[in-house]
1. Only one of (1) surrounded by fewer than 21 Cβ atoms within 10 Å (Cβ to Cβ); (2) modelled with pLDDT of 95 or more is not met by residue 288, so which one is it?
2. Condition check: modelled with pLDDT of 95 or more, more than 30 Å from residue 153 (Cβ to Cβ) and part of a strand (DSSP E or B). Does residue 104 satisfy that?
3. Taking the range 115-134 as the search range and keeping residues that are surrounded by fewer than 15 Cβ atoms within 10 Å (Cβ to Cβ) and within 16 Å of residue 55 (Cβ to Cβ), which one is farthest from the chain's Cα centre (by Cα)?
4. Among the residues in the range 85-95, are any within 18 Å of the chain's Cα centre (by Cα), assigned to a helix (DSSP H, G or I), modelled with pLDDT under 85 and loosely packed, with under 15 Cβ neighbours inside 10 Å?
5. More than 27 Å from residue 8 (Cα to Cα) and in a helix (DSSP H, G or I): which single residue out of 179, 188 fits that description?
């Protein structure tokens, strides 16, 4: 695979020249610089086996959080600023529709989010005709503390797993036996939490292991960091759960490139899209 077009198929007469948007490429991955909505229109339909999307959560609106034990403003970037409920929902619907077109009937999409965006995503998916397969709860035992002390500490994110269509027989890939084996021979549940290094796995009341998943470790940020970076373990599980080797994986909001790191480490191919040169440079370093 010596060119960007060997990683993913493009339309015969694309509205956008993808080649001019290539930031970096390798034999099994390609990074594009640009707006996801515009670039997705240039791929052939039914191109990708898996899409993982970590979209804006619309949190950068003057609030505060705890970082390194200090009170800091939530200011991830202009891309994370809410434009109002209606505009936010229109944006969510537009990028989901674009992803639905390029997803194979046998493929699936995973979308992560907190309460601030995930219900928006789920409603848009239902209106577009996606089949919602699961809502996975990712438990973060090392989540930031709650500074307001007016509600419970936010320590989970919800990840919606869906197939592109809700009619007819489900065609999506699910490596059920692999997930069961990883979970000690018991069906894997939809609450995920992977143990920290050195900690023992706990079988809670004989119901099967709950795997603990912390936020990204320092070793995952040696090349730099992204304000919404996800842990590699989370993406590795997603990739292994619903793709086969050499599958084509897309992340339309590439960020720090964790999806690409997980995909290529598992023998899959990867396409990442982002508008930010700093984050694309970080992804390139992490992909090697």
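1. The one condition residue 288 does not meet is (2).
2. Yes: the conditions hold for residue 104.
3. Among them, the one singled out is 123.
4. Looking for residues that are within 18 Å of the chain's Cα centre (by Cα), assigned to a helix (DSSP H, G or I), modelled with pLDDT under 85 and loosely packed, with under 15 Cβ neighbours inside 10 Å, one finds none in the range 85-95, hence no.
5. Checking each option against the conditions leaves just 179.
To keep it simple, each residue is scored yes or no on (1) at pLDDT below 90; (2) surrounded by fewer than 18 Cβ atoms within 10 Å (Cβ to Cβ); (3) under 25 Å from residue 285 (Cα atoms).
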position: 15; (1), (2), (3): yes, yes, no
position: 20; (1), (2), (3): no, yes, yes
position: 25; (1), (2), (3): no, no, yes
position: 28; (1), (2), (3): no, no, yes
position: 38; (1), (2), (3): no, yes, no
position: 46; (1), (2), (3): no, yes, no
position: 50; (1), (2), (3): no, no, yes
position: 54; (1), (2), (3): no, no, yes
position: 58; (1), (2), (3): yes, no, no
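The values are calculated or read from the model by the stated rules, or taken from the named source; none is laboratory data. None of these values were measured; they are calculated from a predicted model. Cβ sites come from the backbone with ideal geometry, for glycine too, and all protein chains shown count toward neighbours.
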